[in-house]
Amino acid sequence: MNFLPAVVGPTVLGMTATDLFAWVLIAAFLVGSLVDVYDRDIARYFLAVTWGLFGLFWLAVFPHFAFEVKSFVEGGLALFAVPASIYTGYLILGGRERLHVLSRAVGVMGLVYFPTQAVPAIREFLIEEVARQTLWGINLLGYDPVFQEGPIYGYTNYFYFGPDAFSTYIVYACTGIGSMAIFAGLIVAVEAPLRRKLKSLAIAIPVIWVLNVVRNVFVAVASGTGWFAMEPIVTLAGYAGVEPIEASFWFAHSVVSQLASVVALVGITWVVVKVVPELLGILEEVLFVATGTEYDLEDALGVSPDVRTDGGDAQE
């Protein structure tokens, strides 16, 4: 909760270097997807280069996740994304055309995620609204921290549990927009009837929002009351470079919550592909990039044969 956004670094044109790099990559993915409509060969080269640059982006933000946030989950995923992105570019260059859809999805994800971060009014609204809902959940559990302005931007987003407690505050990464952007990008990118796309978004977005608020409540209370301030965890946190007073926060946020988030996202994905099975093609490509093995997810996930995966309903 109390950590800076992933995009950090020197300022260029009023933006951090990684922010600017991210905007360039979003534009490149979207331009490549547009070119793909008219000339697949040119798009293949363009997207291959874009994915290579995407790998460099993850290499640039890896130190933030690993050494500032001290998250082995986020740090590990960022590090894994470096060769995975480069390999994806290599596969596209070799003619694996289904990855063009994944490229379009990444562009849409960025288009959803970064403007909400870059526009101050939207960012402030999201952070403070999530903070207010988190406070409601904290109060519901019987805790009553002082709710006040936090140390960044003057947002009202800080839960003060007392002078001897490790208090936390909500930042942009705590809003859940990242996960929402992932599902929005995947759903928008595939060819499927609009009705089913809207239905899947109506399922995924509210569930992610609610689970994210629950996560924030858990982390705030665990940190402020020292739920996990026990010797084995303090010792383990020490190996990660975390001070004893931060150990409960670290374990609640960077271990329990992030592992639970992975499980939750898998569950939400399973529900969403029941509505939009066209997503299976993208997921199969992601698994191929990660493992080098071809998968057929239709049987594995129990997708109904009544819904075709070529963009239409069998009964329509």
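Here are the numbers for this structure:
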{"quantity": "Filter pass, TYR87 being among the aromatic types (Phe, Trp, Tyr), modelled with pLDDT of 85 or more, under 14 Å from the mean Cα position of the chain (by Cα) and open to solvent by 30 Å² or more (accessible area, probe 1.4 Å)", "calculated": "no"}
{"quantity": "Counted residues, segment 24-36 - those being buried (at least 17 other Cβ atoms within 10 Å of the Cβ), hydrophobic (A, V, I, L, M, F, W, C) and within 13 Å of LEU111 (Cβ to Cβ)", "calculated": "5"}
{"quantity": "Residues of segment 242-256 classified as of a type outside the set (A, V, I, L, M, F, W, C) and open to solvent by 50 Å² or more (accessible area, probe 1.4 Å), total", "calculated": "3"}
{"quantity": "When residues of segment 116-161 are limited to those that are in a loop (DSSP other than H, G, I, E, B), in contact with a helix residue (DSSP H, G or I) (Cβ under 9 Å, 6 or more places away or on another chain) and over 23 Å from GLY178 (Cα atoms), the one most open to solvent (accessible area, probe 1.4 Å)", "calculated": "ASP144"}
{"quantity": "Test: ALA181 is open to solvent by less than 50 Å² (accessible area, probe 1.4 Å), of a type outside the set (Asp, Glu), within 25 Å of SER261 (Cβ to Cβ) and not in a strand (DSSP E or B)", "calculated": "yes"}
{"quantity": "Residues that are open to solvent by 40 Å² or more (accessible area, probe 1.4 Å), in contact with a Phe, Trp or Tyr (Cβ under 8 Å, 6 or more places away or on another chain) and among the β-branched types (Val, Ile, Thr), drawn from segment 218-241", "calculated": "THR225"}
{"quantity": "Where VAL130 falls short, out of the listed (1) modelled with pLDDT of 95 or more; (2) touching a Ser or Thr at 6+ places or on another chain (Cβ under 6 Å); (3) within 29 Å of GLU284 (Cα to Cα)", "calculated": "(3)"}
{"quantity": "Search result, residues across segment 257-289 that are within 16 Å of LEU77 (Cα to Cα) and either in contact with a Cys (Cβ under 7 Å, 6 or more places away or on another chain) or surrounded by 14 or more Cβ atoms within 10 Å (Cβ to Cβ) (or both)", "calculated": "SER257, GLN258, ALA260, SER261, LEU265, VAL286, LEU287, VAL289"}
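For every residue, the table says whether it meets (1) at pLDDT below 80; (2) out of contact with any Asp or Glu (no Cβ under 9 Å at 6 or more places or on another chain); (3) among the polar types (S, T, N, Q).
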position: LEU4; (1), (2), (3): yes, no, no
position: GLY9; (1), (2), (3): yes, no, no
position: MET15; (1), (2), (3): yes, yes, no
position: ASP19; (1), (2), (3): yes, yes, no
position: ILE26; (1), (2), (3): no, yes, no
position: TRP51; (1), (2), (3): no, yes, no
position: GLY55; (1), (2), (3): no, yes, no
position: ALA60; (1), (2), (3): no, yes, no
position: ALA66; (1), (2), (3): yes, no, no
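The values are calculated or read from the model by the stated rules, or taken from the named source; none is laboratory data. Treat the numbers as computed from the prediction; the structure is a model and nothing was measured. Cβ sites come from the backbone with ideal geometry, for glycine too, and all protein chains shown count toward neighbours. The area values use the complete protein model at the heavy-atom level, side chains included, leaving out ligands, DNA and RNA. Shrake-Rupley method; radii C 1.70, N 1.55, O 1.52, S 1.80 Å.
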